[in-house]
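Reviewing the structure listed below.
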Amino acid sequence: MAEELFRFFKNVEGRLMLATRDSQGNPRYQIWFDYTRNLVNEIREGDLVAIQNFAPIEGGVPYSVLSLTNVLPIHYALGKTEEDLKGYPGHVMEAAKNIAKDWKDQVDEPTEDVTKIVCEAVPTFLEFVDVPKGGVTDKPIREETAIPMPGEEAKLLGRPMVSRIVNLGIDREKENVISVGSLLRDDQIEVLLKVEDFIKVHFGIFGFTGVGKSNLLSTLIDRTLSSRETTKIVLLDVMDEYKGILFDQFLRKEVFSELIILDVESLPGPVFDYINGGYQKGPEEFAVRSFLDTLLLPRSLKSKTLLDAMRERTPDVLKKIRIVVESRTVAELRSDLEEELLKGSISPETRNAIRGALDRIFGAEGNSPLTPAKARELLNKHVPSGIGGVKPELKGTALTRIEAVEAELKRIAGSPEVKISDKLKTDIGSVISDLNDRRNPSLYVVSAFQPEAVLGFSAALAWSLFGTRRVRALTEPLVSFVADEGDLFIPASAEKESETARAKAAIEMLSRRGRKFGIGVGIATQRVAYLDTKTMGQLHTYFVSKLPRSYDRDAVSAAFGLSETQFAPTFKFRSGEWLLVSHDATGLKGVPIPIRAPNAEDRIRVNLKIAKMVKD
């Protein structure tokens, strides 16, 4: 039995000294280990410990499983808090000088009672039964039935049991799962996510600048598109940051991918001339150079070798660009304007005057395409004699509202009169058709010069996809709408009738109702405190890294029920290190798991070398 315990547990034991609750009522524990210099480097946040609990012993010893959230060596000559340092300064300084020897001398054996390793821990709400026979896989794991015993030994769990608990109930061979990285504590233990639960019940990525947010999102996109079942990703790239970190994804033969551009102004001139002119070899060099110059690339990918590989494959990426062209007719514009202008409380006479003015402005144009030239024609025809011919006695409300028509026509008339090749054009209908096609995974990266354009497009696309699936009772394939800079899409407040308000309503709708039809939402941002809490509360999987502002941490804590103790590990995180919490997609439910995500730059480096050798 002793040999079995040694394999099952690490040969490290502490003791549960305190069981209490935090200000939110969550269980909180304190465990002490005897200090040695080796041990303080071995115990880490995220380690799992087992403590015998009060459950009846029936066929084996029941152990509660706790997760360490904070590890700190303490010397009781100095105490544990700032209050303990407020004695006579000379005495405090002398004590500090003397304790250094205690730290240094206890390398692998504890010899002093005044040095301890004090650990904070939270429950996993799981327990296992240490049965007398069998190996690690034979020990049943179940929901916790009793609390751990204060004063009992706390045993660090070994790798086999930790791996079982972290990925509890996940069958990699039978389920559609992806690896999101390894345990921060042990890079030999992969952390798995169930793709369907990850997407359908929504996810969030929250971290300050420099923590690797885009790197992580790039990895999640890559691995989700590579999963066992067909998945579609729509990335709403407001700041146009992801073309570089996803460059290799546009070279994948098995993935249908498009760079959706919402306005020609978003493209460098040489790029547009090249793709609009039929991909002629003459301007290709200038197009490639302009495209690469506008990519936001990590420093490690700017080596000559990798840039040469990217330069060689950029023409293939440029062929994935599609441009959404405004396809409204004059009649559709008139209908939209009428709905807007007749809102609110206005007199019947004013209402009739507005309708009459719209009739005079748009006449029998009907289904004529709403081009800049057509808008200029309408302006030249009606503005000189007074927009809409509104009667002088109705010039108040009626004229004020009709003037909005002139402003909208001027906006359209001022749009560039550019002839776009038919093969570059796309529209929402084409995207919807592919999002409902189960034959291949797809990636759409949507960007524009004006963020409002992305907001408006996302709202139209979301409502259209949801409506189509509801009418046709479709639940597959899985689709994830991922909003980078999520605070622009779901702010706490938005001006009525703005593109922000429309996008927010669409994302909120998907977060509440999309899962029924296989549609999920992803939110990535560093400005958590600006998010709408109702939508945040719908996210069931979240990655949290360093959030130096207390109000951002408070927002995450309020939305997801994380305590300050559970946040503690993030203060030490470096780029690429995350606290993963999921209520559905991971094996360990609702418990923070410190992970190290793969470096997307390594993936791109490898894929570019392959892509350089293997062309379409």
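Every number in this text was worked out from the coordinates using simple rules, so none of it is lab data. As the structure is a computational prediction, the values presented were derived from the model and not from experiment. FYI the Cβ positions are ideal-geometry reconstructions off the backbone, even for glycines, and counts take in every protein chain you see.
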- Query: If you count, for each residue, the other Cβ atoms within 10 Å and average over each peptide, how do 405-414, 542-551 line up from highest to lowest?
  - Reply: 542-551, 405-414
- For GLY344, net neighbour charge (Lys/Arg +1, Asp/Glu -1) across residues whose Cβ lies under 13 Å away: +1
- When a footprinting reagent is the concern and you count Cβ atoms within 10 Å, what order do THR468, THR224 take, fewest first? THR468, THR224
- Query: ³J(HN,Hα) across region 339-345 via Karplus (A = 6.51, B = -1.76, C = 1.60, θ = phi - 60°), whole Hz, x for Gly/Pro?
  - Reply: 4, 6, 6, 9, 6, x, 8
- Could you work out how far helix 89-105 tilts from the main Cα principal axis of the chain, as a 0 to 90 degree angle to the nearest 10? 80 degrees
- Query: For the chain, with only Lys/Arg (+1) and Asp/Glu (-1) charged at the beta-carbon, what is the dipole magnitude about the Cα centre, in debye rounded to 20?
  - Reply: 1520 debye
- Message: Which one, GLN24, VAL12, ILE43, is farthest towards the positive end of the dipole of region 4-60 when Lys and Arg carry +1 and Asp and Glu -1 on their Cβ?
- Response: GLN24
- Note on the structure: Bridge orientation stat for the chain from DSSP, antiparallel percent rounded to 5, came to 60 percent
- Mean Cβ-within-10 Å packing, highest first, puts peptides 591-597, 524-530 in the order 591-597, 524-530
- Note on the structure: Projected onto the charge dipole of the chain (unit charges on the beta-carbon of Lys, Arg, Asp and Glu, signs +1, +1, -1, -1), the Cα from GLY363, VAL118, LEU267 with the largest positive-side position is that of GLY363
- Task: Report which label in (1) 24.6, 90; (2) 30.3, 99; (3) 29.2, 99 holds the value of Rg and Dmax of the Cα atoms in Å derived from the coordinates of this structure.
- Result: (2)
- Query: Over region 2-166, what is the mean sequence separation of C-alpha contacts under 8 Å (at least six apart), divided by residue count, expressed as relative contact order in percent?
  - Reply: 38 percent
- Could you name the lysines in cross-link range of LYS10, using Cα to Cα under 23 Å and dropping any fewer than eight places away on the same chain? LYS116, LYS133, LYS139, LYS155
- Item | Under 17 Å from the Cα of LYS381 - aspartates and glutamates, other chains or at least 8 residues apart | ASP359, GLU365, GLU403, GLU406, GLU408
- Query: Highest mean first, what order results for 283-292, 574-583, 145-154 on Cβ atoms within 10 Å?
  - Reply: 574-583, 283-292, 145-154
- Note on the structure: Taking placed amide H atoms and a strict 5 Å upper bound, the residues 5 or more places from ASP130 or on another chain that come that close are VAL61, TYR63
- Task: At a Cα cut-off below 22 Å, give the lysines reachable from LYS320, other chains included and same-chain residues fewer than 8 away excluded.
- Result: LYS232, LYS243, LYS253, LYS281, LYS419, LYS423, LYS425, LYS609, LYS612, LYS615
